[in-house]
Structure formats: C-alpha cells, structure tokens
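Presented below is the structure to which this report refers.
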Amino acid sequence: MSDTSLFPRGQAAIAGIGCTEYSRDSGVGVFTLATRAVKAAVADAGLQLEDVDGLCTYGVNDSIAPNILAQALGIQSLSFYVDQFYGGSVSLTMIGQATLALAAGVADCVVVYRALNGRSGVRVNGSSGSAGRQPWDMQFKSSAGYIAPSQEIAMAARAHMLKYGTAHEDFGRIAVQSRTHALDNERAMMRTPMTMDDYLASRWIVDPFRKFDCCLETDGAVAIVLVRADRAKDLPHRPVLVQGAAWGGGVTVVNSRSHIVSTPRPVSDRPTSSSQNSTTASPTTCSRKSKATASPTLEPCPGCSPMVRSNGRRDRCRSTHTAGCFPRDTSTA
C-alpha cells in the first residue's frame, strides 16, 4: 500500500473473537452456528449485543444473511451490513469493509462472521447436490471439469512446477509444516504427526495435489468484533489495530492474459510517465528466468551463486536477501 493511500490506518481495531467447535457434523444449522460465534465474540470483547450495529459476512449460498441474523441476536436496527458472494480471501475483504464503516462513522461496533456446514451441508466439491447460486464463470469451467477449487488451482500449481522446477516435496513441506503447527492448536481437527513419507503416500486428489495439500471441509463458525481504536483501549483485551487493506480483481488463473503463475505488478512497480522508456535493470535483481529471449536464461543473483542439480533443475537460493530469489531450500542447507 502506498503512502498516499486514503485507507484509515490504525483507526479501527479487533477487540474480540469467538468461535464454535470445528467438526465434520455440527448437528445444527448455520443460523445456530452464527449466533453462537457472534455471541462468543461480543462477550470476549466485553460488550453487549445491543452495542452491535454492524454485521458483515460472505459465502456462496451456504450461510445466513446478516439482516436475518440480526433479528435472532435482538439487534433492533443495523446501521451497516454486508453480505458478499464468494469465499476464500473475501474474509479479509470483510475486515476492510468493517474498518471503512467504523472510520466513516457509519457504525460503532461491527462483527464480521462466517458460518457454514462445509462438511455436512453445502460442500465445495459439488457432491452436496446444492442448486444454489454459482459463480458466473462456472458455466464455462464445469464443462472442462473445474468444479472444486482444488481442480482449478491445480492448473496453476502444475504450471508453477513447469516454470520454476517446483517438486512434489516442495508442496509436501508446506503440508508437513502445517500439521506441525496443528499439533499445538487444540482446535485443530487433525493433530497426528505427519512425515514427508506420509505426505507422499497419501492419495491423489487432483494432480499435482494430494490429500494433505487440500483443506478440510468443516462445520463451524467464527466471528470477530471491530470497534474504533479509541474505544478499544477501554476494552478487556489488547486491541489489534487494522493497518491496511486492499482490493483487487479481474485477473484469475483462468482468464489471465499472461502466464498462469504470473501476477500483475504492484502499483509501486509500474513505470511513471518519466520512466516509461527506461529499460535499466535494478543492480540488485535476483536470479530468475529472463523474459527477454525465447529460451529462458538465468540472471545471477548478487548474493548467491547459481547451482544446478544433477537433473538440470536449478537449486534454490540458500540466502535470505532480495525478494525475487528462489525460495530458500532448508532441506539441503
């Protein structure tokens, strides 16, 4: 985020959090899950339900709308609410929306929540048979077999492997590390230690993803309470200030005009009117494939020496310097 951003940095804070049990079958509806999580979050913040005048949520026809939930919570009149279609990173979008509402004075206390029966109810793999609203591009993707997120993202993962030489073990390190963290999380559903051999022996879901690459389909709900920063100082917990949020869209792994694993340059990296014709490269550019020739070459990183494995795939950079280097490979360090 640039220094010229108008986002209200530090003006809103997370003051409380609440959640239900995470399970494969909650035995209740999303209405009940949402009310339980919101009540727990409000109590954790040291507030009352009558203090809440804003509700934000998101989903894909698998949750409960905030204007309906407000009635169950006894909220007489909402000053602000958002019910956005979609999932994934929209959770962060909701925090940004709540922050803007608080900074603008539209609301005084906003609860962001997500409730779903992701295993016993509407499932993202399409097996639930739900006839709910689907993303607009599903009409094009379903004919190619793009039903679940793992199928779509697998295309980007395979492209990443082809472009950068990423191996199955690289994905495995993420899964093993995630399981290691889960061992210390009492709310985690899978807390059995896992090794790389366990990962590689797990069944395929969609190449190159195995079972342990994919997230669980879970029943549960979580909610967080946001208030203005000056008010949060008087509440029980140390507040977590919201310092920034950003929105983006338009380019996906399906419709990108560039390479499937490429992303648009951040605004700060785009040429200005005075430098549009400049082709001078930064002296600290790290090792990466050159886009200047049809046959990609490697430009040496100033902080490391390029190494090539016996199979011809370039080794990872073992240093921790400039962004853009190949990820550090701790397994061979």
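The values are calculated or read from the model by the stated rules, or taken from the named source; none is laboratory data. If you're wondering where the values come from, they're calculated on a predicted model, not measured in any experiment. Positions of Cβ are backbone-derived with ideal geometry, glycine not excepted, and every protein chain shown enters the neighbour counts.
Does the range 112-120 contain any residue that is of a type outside the set (D, E, K, R), at pLDDT below 90 and over 29 Å from Phe7 (Cβ atoms)?
yes
Within the range 40-48, identify whether any single residue is within 13 Å of Val111 (Cβ to Cβ), without any contact (Cβ under 8 Å) to a residue 60 or more places away in the chain and part of a loop (DSSP other than H, G, I, E, B), and answer yes or no.
Yes, the range 40-48 has at least one match.
Residues checked against (1) assigned by TED's automatic domain parsing to the domain that holds Val110; (2) outside any loop (DSSP other than H, G, I, E, B):
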| site | (1), (2) |
| --- | --- |
| Val176 | no, yes |
| Asp184 | no, no |
| Met189 | no, no |
| Pro193 | no, no |
| Asp197 | no, yes |
| Ile224 | yes, yes |
| Arg231 | yes, yes |
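Out of the range 76-98, which residues are hydroxyl-bearing (Ser, Thr, Tyr) and farther than 22 Å from Ala43 by Cβ?
Tyr86, Ser89, Thr93, listed by residue number.
Given the criteria at positive phi and under 19 Å from the mean Cα position of the chain (by Cα), does Gly165 qualify?
no
In contact with a helix residue (DSSP H, G or I) (Cβ under 7 Å, 6 or more places away or on another chain) and not in a strand (DSSP E or B): does that describe Ala115?
Spelling it out, it is not the case that Ala115 is in contact with a helix residue (DSSP H, G or I) (Cβ under 7 Å, 6 or more places away or on another chain) and not in a strand (DSSP E or B).
Regarding Leu55, is this residue touching a residue at least 40 places away in the same chain (Cβ under 8 Å), within 30 Å of Glu152 (Cα to Cα), outside the structural domain of Ser150 (by TED's automatic domain parsing) and within 21 Å of the chain's Cα centre (by Cα)?
No, not satisfied.
In this structure, does Gly105 turn out to be modelled with pLDDT of 95 or more and in contact with an Asp or Glu (Cβ under 8 Å, 6 or more places away or on another chain)?
no
Scan the range 3-36 for residues that are within 18 Å of Val240 (Cβ to Cβ) and either at pLDDT 95 or above or touching a helix residue (DSSP H, G or I) at 6+ places or on another chain (Cβ under 7 Å) (or both) and jot them down.
Selection gives Pro8, Gly10, Gln11, Ala12, Ala13, Ile14, Ala15, Gly16, Ile17, Gly18, Cys19.
So, in the range 69-95, of the ones that are touching a residue at least 24 places away in the same chain (Cβ under 8 Å) and under 16 Å from Lys39 (Cβ atoms), which residue ends up surrounded by the most Cβ atoms within 10 Å (Cβ to Cβ)?
Leu69
Considering only the range 15-39, state which residues are in contact (Cβ under 8 Å) with a residue 40 or more places away in the chain, aliphatic (A, V, I, L, M) and not in a strand (DSSP E or B).
Selection gives Val30, Leu33, Ala34, Ala37, Val38.
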